[in-house]
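So the structure is just underneath, and the comments pick up after that.
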Amino acid sequence: MRLLYLKILLFAITTISILISCNGKSEKKSKKKSERFELVPEPDKALRLEYEAIERLKKSGCKFSEPDTSLSGIILRDTESTTKIIGKDNKTDNNGQYHFYSGNGKEILTLTQHPGDGKNQISIIKVELPDKTDHNYTKLDFDAFKTEKEIQLGWTKQQVIDRLGNCCMHLDYTENHTELRYSIVSPNDSRTNFLAKNNMPVYYASYEFWKGKLVNFEFGFEYP
């Protein structure tokens, strides 16, 4: 009888120990799982920020109407002005783009020619900092590429706003990474007829900042 009692007691102790151990492991797994999910960034943050920025812009009622249309003498959609700057013997890559370095090699200029357009008829202009790879691009005789409003890499967000106005989307992705995005969408350009004159449906301009400084920007017409 005493032996049977000891067996029952031992079984009870073993069972309780197993349950406590399993529960502890379950809590640890749950905690680790929770911590793991907290470390994963919000997957749709960019889309959410863009939606919120669009809504704020709609509520403000302001309209962007004075865009940049040229850079260092290259005028959007104007073949003659582009040829004067880059020449007529350049070829586009597989994406319909021409690429150049600034004279000091510290900036990259990308010019996009939409499918169906003539040679050197540029619809999108982009300026950015180079990576560490030497792409062997031709250098143009400009130490810094500047838009007609004098906007260039290294500017602050406020400097860009001072030139283009505040009718734009403010996107704060992180503390260090922000963007200003401007656009004109047909038929919302009745005052200037800017899009109609260029036979294009959408103009956009994007200015990205890292730690408060402009590190790349592009502007032009979307492909119809």
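The values are calculated or read from the model by the stated rules, or taken from the named source; none is laboratory data. These figures come from a predicted structure and were not determined experimentally. Backbone-built Cβ (ideal geometry, glycine too); neighbour counts: all protein chains shown. Surface areas here come from the heavy atoms of the whole protein model, side chains and all, with no ligands, DNA or RNA. Shrake-Rupley method; radii C 1.70, N 1.55, O 1.52, S 1.80 Å.
In order along segment 195-203, the Karplus-derived 3J(HN,Hα) couplings, from 6.51 cos²θ - 1.76 cosθ + 1.60 at θ = phi - 60°, round to 5, 4, 5, 9, 6, 10, x, 9, 10 Hz, and Gly and Pro are given as x. Remark: segment 84-100, residue by residue, has Karplus-estimated 3J(HN,Hα) of 4, 8, 9, x, 10, 9, 7, 10, 7, 7, 5, 9, x, 10, 9, 10, 9 Hz, where x stands for each Gly or Pro and the curve is 6.51 cos²θ - 1.76 cosθ + 1.60 at θ = phi - 60°. Considering only C-alpha atoms, what is the centroid distance from segment 87-105 to segment 145-207, in Å? Between the Cα centres of segment 87-105 and segment 145-207 lies a distance of 24 Å. Surface composition of segment 126-197: carbon and sulfur atoms hold 43% of the protein heavy-atom accessible area at a 1.4 Å probe. Filter the cross-link list LYS63/LYS91; LYS106/LYS211; LYS119/LYS213; LYS84/LYS213; LYS84/LYS126; LYS63/LYS106 down to pairs whose alpha-carbon distance in this structure exceeds 29 Å. Too far apart for the 29 Å limit: LYS63/LYS91; LYS119/LYS213; LYS84/LYS213; LYS63/LYS106. State whether segment 104-224 is rounded, prolate or oblate according to the following rule on the C-alpha gyration tensor (a ≥ b ≥ c being the square roots of its eigenvalues): a/c under 1.5 gives rounded; otherwise a/b larger than b/c gives prolate, and the remaining case gives oblate. Taking the square roots of the gyration eigenvalues as a ≥ b ≥ c, segment 104-224 is oblate. Loop-located GluC sites (Glu not before Pro) in segment 155-224 (DSSP state other than H, G, I, E, B) with a sparse environment of at most 16 neighbouring Cβ atoms within 10 Å: GLU175, GLU222.
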